[in-house]
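Below is one structure, written out as C-alpha cells; comments come after it.
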Amino acid sequence: MTTAAATAGERAGAVRPATMAQALGRALRDAMAEDPTVHVLGEDVGTLGGVFRVTDGLAKEFGDDRCTDTPLAEAGILGAAVGMAMYGLRPVVEMQFDAFAYPAFEQLVSHAAKMRNRTRGAMPLPITVRVPYGGGIGGVEHHSDSSEAYYMATPGLHVVMPATVEDAYGLLRQSIASDDPVVFLEPKRLYWSKAAWSAEAPAPVEPIGRAVVRRPGRSATLITYGPSLPVCMEAAEAAISEGWDLEVVDLRSLVPFDDETVAASVRRTGRAVVVHESSGFGGPGGEIAARVTERCFHHLEAPVLRVAGFDIPYPPPMQERHHLPGVDRVLDAVARLQWEAES
Amino acid sequence: MTVQELPGAAAYRPTPPPAWKPLTDPAPLLPDPEPYRVLGTDAAAHADPELLLRLYGELVRGRRYNTQATALTRQGRLAVYPSSTGQEACEVAAALVLEERDWLFPSYRDTLAAVARGLDPVDALTLLRGDRHTGYDPREHRIAPLCTPLATQLPHAVGLAHAARLKGDDVVALAMVGDGGTSEGDFHEALNFAAVWRAPVVFLVQNNGFAISVPLAKQTAAPSLAHKAVGYGMPGRLVDGNDAVAVHQVLGEAVARARRGGGPTLVEAVTYRMEAHTNADDATRYRGDSEVEAWRQHDPILLLERDLTGRGLLDEERIGTVREAAERMAAGLREQMNADPVLDPMDLFTHVYEQQTGQLREQAARLRDELEAEHDESGAEERR
C-alpha cells in the first residue's frame with residue numbers, strides 16, 4: 001500500500017491496517033500541518049522520504065524548508081536544531097540509525113538536555129529526536145544498537161518508546177508538542193508491524209509518562225517496552241499452557257517513569273520480570289528492578305528478574321537471534337520466580 | 001583477449017566522463033596573506049573619529065573589567081576567570097557591529113563581549129561565580145548562554161540564523177570561538193551547514209596563540225585558520241585582532257554581507273592571550289616572557305591610544321575621563337560582587353523539565369526535609 005493510498009483511505013475515515021512507519025509519518029504530517037513552527041530535518045528525509053520512508057511525502061507537501069535534507073553530520077544536525085529551537089521553531093530531527101546518533105551525543109547531553117535548566121526556564125528547547133533503534137532486522141554492524149540507557153541517564157531528556165501503531169502516532173504527536181527535548185526511539189523491527197488504525201479517529205493519547213497494562217494477569221508481571229512488547233505478549237499467551245496468567249506492562253516511556261502503574265501491577269501479582277533488548281549490565285532493567293523492589297518489597301514472592309540482551313557488542317546479523325530476548329528466555333525467567341512456595 | 005581483438009573494436013570510442021568544474025571559485029574566498037590592519041596605515045586617517053573614540057572608551061573599560069574580574073578570583077568572589085586581557089579589541093568590536101535584533105554566541109572567554117553588548121557585568125559573571133549557569137535571559141538580550149564546551153555553540157548560531165531567515169527576519173548571528181576550538185568537529189560541521197544553507201552567520205575565531213598550553217602549531221597545519229573557510233565555500237578574512245578599527249571594519253563587512261543574503265564569513269583575528277588560560281593556570285610552564293613582552297608592545301589599547309593622540313583626538317584630560325569611567329564601572333562591579341548571591345536550593349528541581357517528574361518531586365521533598373532539619377538544628381544551637 002502506498003502512503004498516498006493510505007492517506008486517502010484514512011481521509012475517508014476508514015479503519016484499515018496501517019504500519020507503524022505510516023502512523024509515524026502521519027503524525028509528522030499532522031503536526032506540521034497544525035503548527036507551522038514544526039520543521040523536520042535529517043539525512044535523506046526530503047526527496048527520499050527517509051531510509052525507512054517515515055518522512056515520505058513531507059518535503060513535497062510542505063517544501064524543502066520544512067522538511068530538509070541536511071549535510072551528513074549528526075552533531076551539526078542536532079546543534080542546528082538547538083539553534084532553531086532557540087529561535088522559536090519546533091524541530092523534529094531524524095537520526096538515521098541508533099548507532100549513527102552518537103556523534104550528536106554532546107549536543108544532546110550538554111545542550112539540548114540542559115538548556116531549560118541552565119537558563120532557569122527562560123529557554124526551553126522543544127526538540128524531538130527520532131531514532132530508529134534496536135535489532136532484529138538483520139542489519140549489519142552499527143545498525144541495531146539499543147541506546148536507551150545512555151539517554152535515560154541524562155536528566156533533562158524524555159525517553160519515549162512506542163510499541164504499537166496507535167502509540168506510534170499518539171506518542172509522536174505528544175513528543176512534538178512537548179516543550180522539552182524528547183528522544184523518541186522507534187523500534188525498527190516494528191516499523192512494518194500492522195494494526196487496524198485510523199488517523200481520523202486516533203484513540204485519545206495520555207500525556208507522555210503513562211505506562212499501560214497491555215494484558216491483565218494474576219501470576220506475574222512482565223515489564224517491557226518498544227520492540228520487546230510483542231515478545232512479551234507472545235510469551236504471555238504461551239504461558240497459559242504452563243498455568244501462568246501473566247500481566248504485561250508497556251512502559252511507553254523510560255523518562256518519565258510511571259512508578260505508579262508498574263508498582264500497582266507488581267503488588268497485584270507479587271512477581272516481576274523486566275524484558276528489554278538493551279544489554280542487561282547498566283541497562284534500564286537494573287533501574288526498574290531497583291524501583292520495583294524499593295516500592296513493592298513486601299509484596300514480592302521472588303527477586304525481580306531481568307531478561308535482556310547479553311553484555312556484548314551487538315552481534316553480526318547471522319547471530320543476532322541468540323542475543324535478542326525471545327519467548328523461551330522470557331518463559332525461563334518466569335519459571336525461576338520461586339513458584340515452589342505456591343505448591 | 002585484448003581490446004583490439006574485440007569485435008567492433010575499430011569503432012570503439014571511449015565515452016568522455018561528464019565535465020568536471022569546481023562548485024565554487026576558490027579565488028575570491030582566500031584570505032589576504034597578511035592580517036588586515038588600519039591603525040598605523042594610511043587607512044587610519046579615513047576612520048570615523050567618533051567610532052575611534054567609542055572603541056577606545058570600550059577598550060579601556062574592557063581592560064578594567066578584565067583586571068577587576070581577575071582580582072575577584074583572588075578574593076574568592078569568582079570561582080574562576082578566563083581573562084580576555086589583550087583581546088579586548090575582538091571582544092568589543094564583536095559587540096559593536098551587531099544590531100539589537102542580532103544574536104551573539106559567546107564562548108566562556110567572551111563575557112566581555114556580552115558586557116560590551118550591554119549585559120550587566122554581574123549577570124555576565126554568574127557562571128564564573130558559580131551561582132547560576134546563566135545569569136540572564138538569552139532571548140531578552142539575544143546573547144546565547146556562555147558556552148564552555150568548545151565550538152558547540154557554533155551550530156546553534158547557524159540553526160538560529162537559519163531559523164530567522166526562514167521566518168523572514170533580518171537577524172544575523174555572530175559566533176565566537178578560539179583557535180583551539182577550530183579543531184573540534186562542531187566547528188567543521190557548523191561552517192559546513194552555514195555555507196550550505198547560506199545562513200546569515202559570522203564566525204569570529206580569536207587566534208590568541210594558545211589552547212590552554214598548546215600553541216597553534218600543534219593545533220593546525222593550515223596556512224592560517226582563515227584559510228579553512230575556503231574548504232567550506234565561504235570567504236575567509238584575516239585581521240589583526242589587536243587593531244580594534246580593523247576588527248570592527250572586517251566584522252562589520254561580514255555582518256553586512258550576511259544581512260544582505262551573501263551567506264557566512266569566517267574571520268580570523270590574530271591576537272594574544274596576555275594572561276594565563278585562567279587564574280588557575282600557570283603560563284610560565286609553556287611560554288617565555290619575551291614573547292609576552294613583544295605582544296605587550298602591540299597592545300590593543302596602546303595602538304589605538306597612539307593613533308588617537310597622534311591625530312589630536314585624545315589628550316591627557318580625555319584619557320583621564322575615560323579611565324575614571326572605567327574605574328566607576330570596576331567599583332560598581334566590586335561592590336555588587338561583594339554581596340553573597342541569594343540562592344534557593346529548591347531551584348535545583350524547578351527547571352529540569354516543564355513538569356516535574358515523579359522522582360524529581362520525591363527528591364525535592366527529601367531536600368526540603370533536609371533543609372528544614374538543618375534550619376531547626378541551627379535554630380536550636382542559637383538558642384543554646
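Every read-out reported here was derived from the displayed coordinates using simple, explicitly stated rules and does not represent laboratory data. What you are looking at is a predicted structure, and each value in this text was computed from that prediction instead of being measured. Reconstructed Cβ throughout: ideal geometry from the backbone, glycine too, with neighbour counts over all protein chains shown.
Between B:Glu316 and B:Val214, 0.36 nm times their residue separation minus their Cα-Cα distance comes to what? Provide the component values of the computation, followed by the final result.
Numbers: separation 102, 0.36 × 102 = 36.72 nm, distance 4.00 nm.
Additional length available on full extension: 32.7 nm.
Rg(Cα) of segment B:154-196 divided by 2.2 N^0.38 Å? Working shown, then result.
Details: Rg = 11.0 Å, N = 43, 2.2 N^0.38 = 9.2 Å.
In units of the globular-protein estimate, segment B:154-196 measures up at 1.20.
Determine the distance separating the Cα centre of segment B:271-293 from the Cα centre of segment B:342-369; give it in Å without decimals.
42 Å
Can you compute the modelled spin-label distance between A:His299 and B:Asp369, with each label point 7 Å from Cα toward Cβ, in nm?
According to this spin-label approximation, the distance is 2.1 nm.
Tell me, Kirkwood radius of segment B:157-261 from alpha-carbon pair distances, in Å? Intermediate results must be reported in sequence, preceding the final value.
Numbers: mean 1/r = 0.0699 Å⁻¹.
Computed over segment B:157-261, the radius equals 14.3 Å.
Using mean Cβ contacts within 10 Å as the protection proxy, how do A:158-164, B:202-208, A:196-202 order, highest first? Please report the intermediate quantities before stating the final value.
Working: A:158-164: 26.7, B:202-208: 29.3, A:196-202: 16.1.
Averaged packing, sorted descending, gives the order B:202-208, A:158-164, A:196-202.
Please report the projected area of segment A:107-166's Cα convex hull averaged over all directions, in nm². Intermediate results must be reported in sequence, preceding the final value.
Numbers: hull surface 21.5 nm².
It is 5.4 nm².
When the Kirkwood radius is taken over all Cα pairs of segment B:1-103, what Stokes-Einstein diffusion coefficient follows at 25 °C and 0.890 mPa s, in µm²/s? Write out the running numbers ahead of the final one.
Details: Rh = 20.3 Å.
Roughly 121 µm²/s, to the nearest whole number.
Provide the per-residue ³J(HN,Hα) series for segment A:314-320, in order, calculated from phi with Karplus coefficients 6.51, -1.76, 1.60 and θ = phi - 60°, each as a whole number of Hz, with x at glycine and proline positions.
4, x, x, x, 6, 10, 5
For segment B:298-345, take the alpha-carbon Rg, divide it by the Kirkwood Rh, and send me Rg/Rh.
Details: Rg = 17.1 Å, Rh = 13.3 Å.
Looking at segment B:298-345, the ratio lands at 1.29.
How would you rank B:346-352, B:361-367, highest first, on the average number of other Cβ atoms within 10 Å across their residues?
In decreasing order of mean packing, B:346-352, B:361-367 become B:346-352, B:361-367.
Helix A:229-239: angle to the longest alpha-carbon principal axis of chain A, degrees 0 to 90, nearest 10?
Its long axis makes an angle of about 20 degrees.
Expressed as cubic angstrom per residue, what is the convex hull volume of the alpha carbon set of segment A:39-115?
On the way: hull volume 6.0 nm³, N = 77.
It is 78 Å³ per residue.
Per residue of A:89-97, count partner chain C-beta atoms within 10 Å of its C-beta, then hand back the mean as an integer. Spell out each step's value before the answer.
Numbers: counts 7, 0, 2, 0, 0, 0, 0, 0, 0.
Per residue, the average neighbour count from other chains is 1.
For segment B:201-217, what does the Karplus curve 6.51 cos²θ - 1.76 cosθ + 1.60, with θ = phi - 60°, yield as ³J(HN,Hα) per residue in whole Hz, taken in order and with x for Gly and Pro?
Along segment B:201-217, the couplings run 10, 10, 9, 10, 9, 8, 7, 9, x, 9, 9, 6, 10, 8, x, 4, 4 Hz.
Which value, in debye to the nearest 20, describes the size of the charge dipole of chain A about its Cα centre when Lys and Arg Cβ atoms bear +1, Asp and Glu Cβ atoms bear -1, and nothing else is charged? Don't skip to the answer; put the middle values down first.
Values: 31 positive and 44 negative charges, 99 e Å.
About 480 debye.
Hey, got the dipole for chain B? About the Cα centre, +1 on K and R Cβ, -1 on D and E Cβ, debye to the nearest 20?
Using Cβ point charges on Lys, Arg, Asp and Glu, chain B gives about 1160 debye.
What list of ³J(HN,Hα) values in whole Hz, one per residue of segment B:36-48 in order, does the Karplus curve 6.51 cos²θ - 1.76 cosθ + 1.60 (θ = phi - 60°) give from phi, with Gly and Pro shown as x?
Per-residue couplings from phi come out as 5, 10, 10, 5, x, 10, 5, 5, 4, 4, 8, 5, 5 Hz.
Over all distinct Cα pairs, what is the inverse of the mean 1/r for segment A:212-342, reported as the Kirkwood hydrodynamic radius in Å? If you can, show how the numbers build up before the last one.
Details: mean 1/r = 0.0687 Å⁻¹.
That comes to 14.6 Å for segment A:212-342.
Direction-averaged shadow area of the convex hull around the Cα atoms of segment A:1-156, nm²?
Working: hull surface 40.3 nm².
It is 10.1 nm².
What is the Cα coordinate range of segment B:27-337 on the first, second and third principal axes, sorted by size from largest, in whole angstrom?
So the extents along the principal axes, rounded to whole Å, are 48, 48, 41.
When the Cα centres of segment A:103-120 and segment B:20-39 are compared, how far apart do they sit, in Å?
36 Å
Pairs of lysines 8 or more apart, or on different chains, with alpha carbons under 25 Å: count those in the protein assembly as shown, would you?
For the protein assembly as shown, the number of qualifying lysine pairs is 4.
Where does segment B:263-348 land on Rg(C-alpha)/(2.2 N^0.38 Å)? If you can, show how the numbers build up before the last one.
Numbers: Rg = 19.6 Å, N = 86, 2.2 N^0.38 = 12.0 Å.
Taking the Cα Rg and dividing by 2.2 N^0.38 Å, one obtains 1.64.
Could you compute the FRET efficiency for B:Leu343 and A:Asp65, with r as their C-beta to C-beta distance and R0 at 56 Å, rounded to 0.05?
Details: r = 43 Å, r/R0 = 0.78.
After rounding, the FRET efficiency stands at 0.80.
In 10 Å bins starting at 0, how do the alpha-carbon pair distances of the protein assembly as shown split up by percent?
Taking all Cα pairs of the protein assembly as shown, the binned fractions are 3, 13, 20, 20, 17, 13, 8, 4, 1, 0, 0, 0 percent.
Expressed in nm², what is the orientationally averaged projection area of the convex hull enclosing the Cα positions of chain A? Before the final figure, lay out each step's value.
On the way: hull surface 68.8 nm².
Taking a quarter of the hull surface, the average projection is 17.2 nm².
What is the distance in Å between the Cα centroid of segment B:189-211 and that of segment A:190-228?
Each part reduced to its Cα centre gives a spacing of 45 Å.
Tell me the mean residue ellipticity at 222 nm calculated for chain B from its helices only (DSSP H runs of n ≥ 4, each -39500 (n - 2.57), averaged over every residue, nearest 500). Walk me through the numbers before you get to the answer.
Values: 15 runs with 172 residues, N = 384.
Helix-only estimate at 222 nm: -13500 deg cm²/dmol.
If each DSSP helix of 4+ residues adds -39,500 (n - 2.57) and the sum is divided by the residues in chain A, what number results at 222 nm, nearest 500 deg cm²/dmol?
Helix contribution divided over all residues of chain A: -9500 deg cm²/dmol.
In nm, to one decimal, how far is the modelled label at B:Thr41 from the one at A:Val51, with both set 7 Å along Cα→Cβ?
The answer from the label model is 5.0 nm.
Which far-off residues, 5 or more places away or on another chain, put their amide H under 5 Å from the one on A:Arg16, with H placed in the peptide plane?
Sorted by chain and number, the residues that satisfy this are A:Trp197.
Once R0 is set to 25 Å, what does the formula 1/(1 + (r/R0)^6) return for the Cβ-Cβ distance between A:Ala33 and A:Ala122, expressed as a FRET efficiency to the nearest 0.05? Each step should come with its number before you reach the end.
On the way: r = 29 Å, r/R0 = 1.18.
Computed FRET efficiency for A:Ala33 and A:Ala122: 0.25.
Take each of the peptides B:105-111, A:327-333, A:171-177, average the number of other beta-carbon atoms within 10 Å over its residues, and list them starting from the highest. List each step's numbers first, then the result.
Details: B:105-111: 26.4, A:327-333: 17.4, A:171-177: 23.6.
Ranking the peptides B:105-111, A:327-333, A:171-177 by packing returns B:105-111, A:171-177, A:327-333.
Using a 10 Å cut-off on Cβ to Cβ distances, tally the other chain neighbours for every residue of A:72-78 and report the average as a whole number.
Values: counts 2, 8, 2, 9, 14, 4, 3.
Average neighbour count from other chains, rounded to a whole number: 6.
Restricted to Cα positions, what overall size does segment B:55-122 have along the principal axes? Three whole-Å values, descending.
36, 22, 17
Dipole size in debye (nearest 20) for segment A:212-342 around its Cα centre, Lys and Arg Cβ +1, Asp and Glu Cβ -1? Walk me through the intermediate numbers first.
Details: 13 positive and 19 negative charges, 35 e Å.
For segment A:212-342, the charge dipole is close to 160 debye.
Of the options A:Gly326, A:Tyr151, A:Phe297, report the single residue whose Cα projects farthest towards the positive end of the charge dipole of chain A (beta-carbon charges: Lys, Arg +1; Asp, Glu -1).
Result: A:Phe297.
Which value in nm describes the separation of the simple spin-label points at A:Glu242 and A:Gln319, placed 7 Å from the Cα toward the beta carbon?
2.7 nm
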